[in-house]
Amino acid sequence: MGEQIQPVRGMNDVLPEAISAWQHFESCTRELLTDYGYEEIRVPLVERTELFQRAIGEHTDVVGKEMYTFTDRGGDSLTLRPEATAGIVRALISNGMLRGQRHRLWCLGPMFRHEAPQAGRYRQFWQVDVEAVGCAGPDVDAELIAMSARLWRRLGIEGLTLQLNSLGTPESRREYRTRLVEYLRAHESQLDDDSRRRLVGNPLRVLDSKNPDMQELIRGAPQLTEYLDAESRAHFETLCDMLRAVGVPYEINPRLVRGLDYYNRTVFEWVTAASGAQNAVCSGGRYDGLIAQLGGDATPAVGFAMGVERLVALLVAAGRTPPVAHPDVYVVVGGPQAVTPALALIERLRSEHPAVRFELNIGGGKLNAQFRRADRSGAVLALIIGEDEIARGVVGLKPLRDTSGQIECPIAQLPAGLDAALAAARAAVAMP
């Protein structure tokens, strides 16, 4: 026996028992986005490395430390996508979808970052990405945030807090950056190694440090909101008014800066106290300059991404996942000569009874073993097709969840007989 091949660290299997929670989250999300007029888009997992360097920023942790980048056989530098916004913007530009048009788009899929794996953070992780392109006002920011709040209500997830901030324009942020660097250099001896590195390339990210020893220093730093330009301040105040009007509570977090360079003005995060340090389950903001930066027409845009693993974990913890789907009927096959007639009969019944779920015993086995499988399947009724039954033109019907006995039903009368037996078996299960 050869040595077992282990999964890549930080890249996890989603096993069948967890799939129902994932599918429930995905279907609720898809329905809500459709209700709000968003259309699905699917973009490649692999893009040119230059796309992320230009979009996210070469001095960010994502580009500097976390991307999976490789050279292909043609000599091109390619990268597994660490996020979806850059790829969606690239798709809009390369497919000629801008030119004054507005788009509401979403996608779902895996992203890749070479981080230290821990609960809620993996090297392959799934995100839902939502983008509204072509609108500059705070109304679309407010609707996006209100839509996310509505999703939490539909899913039954409680305890999430909305944190808001404004990063202003690149011009106003440059002035703030100068003041922040002055402050941090005056206290450089108190900075940890990560913050010293960020101080050179991306000093605003120092504010996002999770190091407990850094928090007092960060609290004393200048606040970005003090340096906002008048237009950004008005945009932010109107957004806050709109959120109050639609009943979405929020907290203003002046230290919220996000880890990607393309953001301007509105940034926000939904956070939970249930996930430890990795407490953000949905993050986003406005990126009005990104499309022009990547070669498209200047176009305002705003969006957010949701971490599927973290939200599914909250669903499970809240007990809001749907019950596991069981077959209604388990088909027991007695003898090798009954296999082909059983397969043909069940395929016919699947067409005639599309609302009934059948599970056909596959691979043979003694009757006792098949009945044990039938019991484990969760079905309420066993349909027994043996060589003797086939010869006599009948099948057996045996309830699996009560003590009433097995009956026989002529195959010619099976549709009605199956309906009656199923109704009786379900009624017996429902009785107290």
Sites matching trypsin sites (Lys or Arg not before Pro) across region 68-115 that sit in DSSP coil, with at most 14 neighbouring C-beta atoms within 10 Å: Arg73, Arg99, Arg102
Compute the angle between helix 367-377 and the longest alpha-carbon principal axis of the chain, please, reported from 0 to 90 degrees and rounded to the nearest 10. 30
Per-residue HN-Hα couplings for region 3-13 [Karplus 6.51, -1.76, 1.60; θ = phi - 60°; Hz; x = Gly/Pro]: 5, 5, 8, 8, x, 5, 4, x, 10, 9, 7
Compute the helix-to-body angle for 85-94: its Cα long axis versus the longest principal axis of the chain, expressed 0 to 90° and rounded to tens. 90
DSSP loop (so not H, G, I, E, B), at most 14 other Cβ within 10 Å: list which GluC sites (Glu not before Pro) in region 123-205 pass both filters. Glu158
Under 19 Å from Lys65, Cα to Cα: lysines that are on another chain or at least 8 residues apart: Lys210
I'm a student and want to see the number: the projected area of the Cα convex hull of the chain, averaged over all directions, in nm². 29.3
Give me, ordered by chain and number, the residues 5 or more places off Met111 or on other chains with an amide H under 5 Å from its own placed amide H. Phe125, Trp126, Gln127
Return one quarter of the surface area of the convex hull spanned by the alpha-carbon atoms of region 329-430, equal to its mean projected area, in nm². 5.9
List the residues, sorted by chain then number, that are 5 or more residues from Glu47 or on another chain and whose placed amide H is less than 5 Å from its amide H. Thr79, Arg81
Nearest 10, in degrees from 0 to 90: the angle of helix 339-352 to the longest Cα principal axis of the chain is 60
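Loop only by DSSP, 16 or fewer other Cβ within 10 Å of the Cβ. Give me the trypsin sites (Lys or Arg not before Pro) in region 372-432 that pass, ordered by residue number.
Sites meeting the loop and neighbour criteria: Arg401.
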Among Val394, Val89, which comes first, second and so on when ranked by fewest other beta-carbon atoms within 10 Å? Val394, Val89
According to a simple spin-label model (label point 7 Å from Cα along Cα-to-Cβ), what is the distance in nm between Val181 and Lys366? 8.0
For region 75-225, what is the largest minus smallest coordinate of the Cα atoms on each principal axis, given in angstrom and ordered from greatest to least? 48, 47, 36
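In whole angstrom, how long is each semi-axis of the equivalent ellipsoid of region 180-238, when you take the square root of 5 times every eigenvalue of its Cα gyration tensor and sort them from largest down?
So the equivalent ellipsoid measures 25, 11, 10 Å along its semi-axes.
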Using the Kirkwood radius built from alpha carbon pairs, what does the Stokes-Einstein equation give as D for region 1-138 at 37 °C and 0.692 mPa s, in µm² per second? 191
Rg and Dmax [Cα atoms of region 1-73; Å; Rg one decimal, Dmax integer]: 18.2, 54
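No value in this document is a laboratory result; all are computed from the given coordinates. Keep in mind that what you see is a predicted model, and the values were worked out from it rather than measured. A quick note on method: Cβ atoms are made from the backbone with ideal geometry, for glycine too, and the neighbour counts reach across all protein chains shown.
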